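The values are calculated or read from the model by the stated rules, or taken from the named source; none is laboratory data. Just so you know, these numbers come straight off a predicted model, no measurement behind them. Because the Cβ atoms are built from the backbone with ideal geometry, glycine has one as well, and the counts that use them run over all protein chains shown. In case anyone asks, the SASA skips ligands and DNA or RNA and just uses the protein heavy atoms, side chains included. Shrake-Rupley method; radii C 1.70, N 1.55, O 1.52, S 1.80 Å.
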Amino acid sequence: MKPDWWKEAVVYQVYPQSFCDTNHDGIGDFNGIRSKLDYLKELGVNLIWINPCYQSPMVDNGYDISDYYKVNPIFGTNEDLDALIREAKERGIGVLLDLVINDCSDEHPWFQKAVHDPDSEEADYFIFKTTEDGNPPNNWRSNFGGSAWTQIPDGRWYLHTFDKRQPDFNWESSKLREKLYDMVNWWLDKGIAGFRVDAITFIKKDLTFASVPTPDGSLYQIENYQNYPGIGVFLTELRDRTYEKRNAVTVAEAVGVPMDSFTDYAGKNGYFSMIFDFNWYNMKGEADKSSKEAIYRWRNKMFDSQEQISALGWSGVVLESHDEPRGINKFLEPSDQNRTSAACLGTIYFFLPGTPFIYQGQELGMTNSIWNSIEDFKDVMVQNRYRECVENGGDTEELLQELREYSRDNGRTPIQWDGSKYAGFSDAEPWIPVNPNYLQINAALQKNDPSSVLSYYKKLVALRRDPKWKDVFARGEFIPQREAEDCLIAYRRMLGDKMVGIFCNFTSKEQTVCVSEEVKEILLNNCGGLEHETGRMTMAPYQAVVLSLQG
Ligand code: NOJ
């Protein structure tokens, strides 16, 4: 295996709660994932990333871990997971687990010990402070709303970057770090392919814990403390003591890493194999996503980011995840949302230099769901924001409107497998309601339909992994076409004597565009045909083509 084998991979993200339920409790499970391994093999992916599946009170859907060594019984047993890892491997699919080591659950025995015995070793695993005046130690605001500090009965306060039931670890404790490395190695010994590493840029704290004045006296966003100086010492040690020795792949959720630190994170000898490129992850703030100005801005952000990153290191490229609404809703106006535009969107990002990730259901063109009231939402972040809004006398209707569009729950509804009750996800009522459009959008309808989004995604994956072309996509130069026509997103990938051109007409209007090279072969096309002659081609609305231009 090449040391950078993961550059040729295509990853599929499985959100286990919502993937497939086989034990009739309305929650997905390991055996459900096992039952769909052939579906994933047919799709063509060779890595799957499973969101946290460890024991957890599920305050933040598994990102609050109470036992790192045991799986959550709602998903099955450790043996079921072992079988899943084994059976996936038999199909040429590696498994990435989620590594959550910035924080744990307040139900973790370490935290319980720390709370009950301030002199215990475990008390040093977390960040406790006492204050004289009964106020929190500083004005930091948690990412999930409210103060980042919570008081325990003996008067001490503990720090939490996220929900108060997710206490942050104190990475300054070498004993804690040893425990974490042991755990990471224990999972690697099971033969997993690697990890997606959660919220890792938060592990290093500003040890002065000083308040930061804000203009209006409000709390100071703790998210500004990402990548705090000194973090590299911890990340180097983590890498060297664990995955470095195994050729495992690591994909870090490392938000806000500036380009001048990118190489440290995901360069050749970086802390991780890759970090997600979130620089063009949505079009938030654009009043009209279909305007040429909005598309131009989006295109530039994507090109700037991928051009810089490809010179510095490696990224995971994504349109969707469990932390975002659906891509179709993020990048397309309602009147433009259809299977052709969904396929166009897929083509835009699939041949960029980074490793492409497909979020479950994206390959079916799943969309945001319908949310009637605040009670429909399950996400702790939504609940916290709503509570804060009520407490501060804010406009809850306005917030609800925003949540309908942007809530993470939009990406967390069950996979729409078929047209039966609960979309074939389960035979019991799912933990989160199925999107009502499952009768029109589901895998069974799309499986044998050559014009479906699913069939197109299979072609995307096959081309990205095609022995003839995969090197071009994984290691070739990235040449963005910045002077392209309005709404055309085009770039070339070039390696040796091979050149591939990706052309996506990201608009509902037909458009004639220039192609300076001779078209040797149409490798992929999301529409019936393609009118082309030397120097130009006419592209249908949302048509996307991948062309061999050389080689
Ligand atoms: C990042 C995860 O992707 C997100 O889902 C979670 O809420 C936060 N970490 C906090 O645990």
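For the reader, a short list of remarks on this structure follows.
- Yes/no for residue 404 being out of contact with any helix residue (DSSP H, G or I) (no Cβ under 6 Å at 6 or more places or on another chain), crowded, with 17+ Cβ neighbours inside 10 Å, closer than 30 Å to residue 344 by Cα and among the charged types (D, E, K, R): yes
- Residue 173 being surrounded by 17 or more Cβ atoms within 10 Å (Cβ to Cβ), more than 20 Å from the chain's Cα centre (by Cα) and under 20 Å from residue 314 (Cβ atoms): no
- Options 418, 471, 449; residue that is surrounded by 13 or more Cβ atoms within 10 Å (Cβ to Cβ), closer than 30 Å to residue 547 by Cβ and acidic (Asp, Glu): 471
- Just one of (1) within 19 Å of residue 165 (Cα to Cα); (2) away from the ligand (no atom under 14 Å from the Cβ) fails for residue 28. It is (1).
- The single condition among (1) within 13 Å of the ligand (Cβ to nearest atom); (2) open to solvent by 20 Å² or more (accessible area, probe 1.4 Å); (3) charged (D, E, K, R) that residue 67 does not meet is (1).
- With a requirement of 1 or more residues that are at pLDDT 95 or above and in contact with a Lys or Arg (Cβ under 7 Å, 6 or more places away or on another chain), the helices (runs of 4 or more DSSP H) lying completely within region 259-350 that satisfy it span 292-312, 327-331, 339-350.
- Those residues of region 1-22 which are of a type in the set (Phe, Trp, Tyr) and touching a Leu at 6+ places or on another chain (Cβ under 7 Å), in sequence order: 12
- Sole exception among (1) touching a helix residue (DSSP H, G or I) at 6+ places or on another chain (Cβ under 7 Å); (2) open to solvent by less than 10 Å² (accessible area, probe 1.4 Å) for residue 505, by number: (1)
- Of the residues screened, residue 512 is one that is part of a strand (DSSP E or B) and touching a residue at least 24 places away in the same chain (Cβ under 8 Å).
- Residues of region 159-202 that are among the charged types (D, E, K, R) and within 10 Å of the ligand (Cβ to nearest atom): 163, 196, 198.
- Within region 291-322, being surrounded by fewer than 19 Cβ atoms within 10 Å (Cβ to Cβ) and more than 27 Å from residue 5 (Cβ to Cβ) holds for 291, 292, 293, 294, 296, 297, 300, 301, 304.
- Pairs are defined by a Cβ separation below 6 Å, a sequence spacing of at least 6 or placement on different chains, a first member in region 205-221 that is farther than 17 Å from residue 145 by Cα, and a second member that is open to solvent by 40 Å² or more (accessible area, probe 1.4 Å) and assigned to a loop (DSSP other than H, G, I, E, B); the pairs so defined are 206/228.
- Any chance residue 62 is on the phi > 0 side of the Ramachandran plot and open to solvent by less than 10 Å² (accessible area, probe 1.4 Å): yes
- Across region 134-158, the number of residues qualifying as of a type in the set (Phe, Trp, Tyr) and within 16 Å of the ligand (Cβ to nearest atom) comes to 3.
- Residue check for residue 438: of a type in the set (Ser, Thr, Tyr) and under 30 Å from residue 375 (Cβ atoms): yes
- Region 74-86 - residue that is in a helix (DSSP H, G or I) and open to solvent by less than 40 Å² (accessible area, probe 1.4 Å) and, of those, farthest from residue 23 (Cα to Cα): 85
- Considering residues of region 203-216 that are of a type in the set (A, V, I, L, M, F, W, C) and away from the ligand (no atom under 16 Å from the Cβ) only, the residue most open to solvent (accessible area, probe 1.4 Å): 207
- Qualifying positions in region 119-157 - open to solvent by 70 Å² or more (accessible area, probe 1.4 Å) and either of a type in the set (Ser, Thr, Tyr) or assigned to a loop (DSSP other than H, G, I, E, B) (or both): 119, 130, 132, 133, 135, 153, 154
- Failed item in (1) within 16 Å of the ligand (Cβ to nearest atom); (2) assigned to a strand (DSSP E or B); (3) closer than 25 Å to residue 363 by Cα, with residue 52 passing the rest: (2)
- Residues in region 217-230 that are within 16 Å of the ligand (Cβ to nearest atom) and open to solvent by 20 Å² or more (accessible area, probe 1.4 Å): 221, 223, 225, 226, 227.
- Subset of region 23-42 [within 17 Å of residue 418 (Cα to Cα) and in contact with a Leu (Cβ under 9 Å, 6 or more places away or on another chain)]: 33, 37
- Region 209-265, residues that are touching a Leu at 6+ places or on another chain (Cβ under 6 Å) and among the charged types (D, E, K, R): 246
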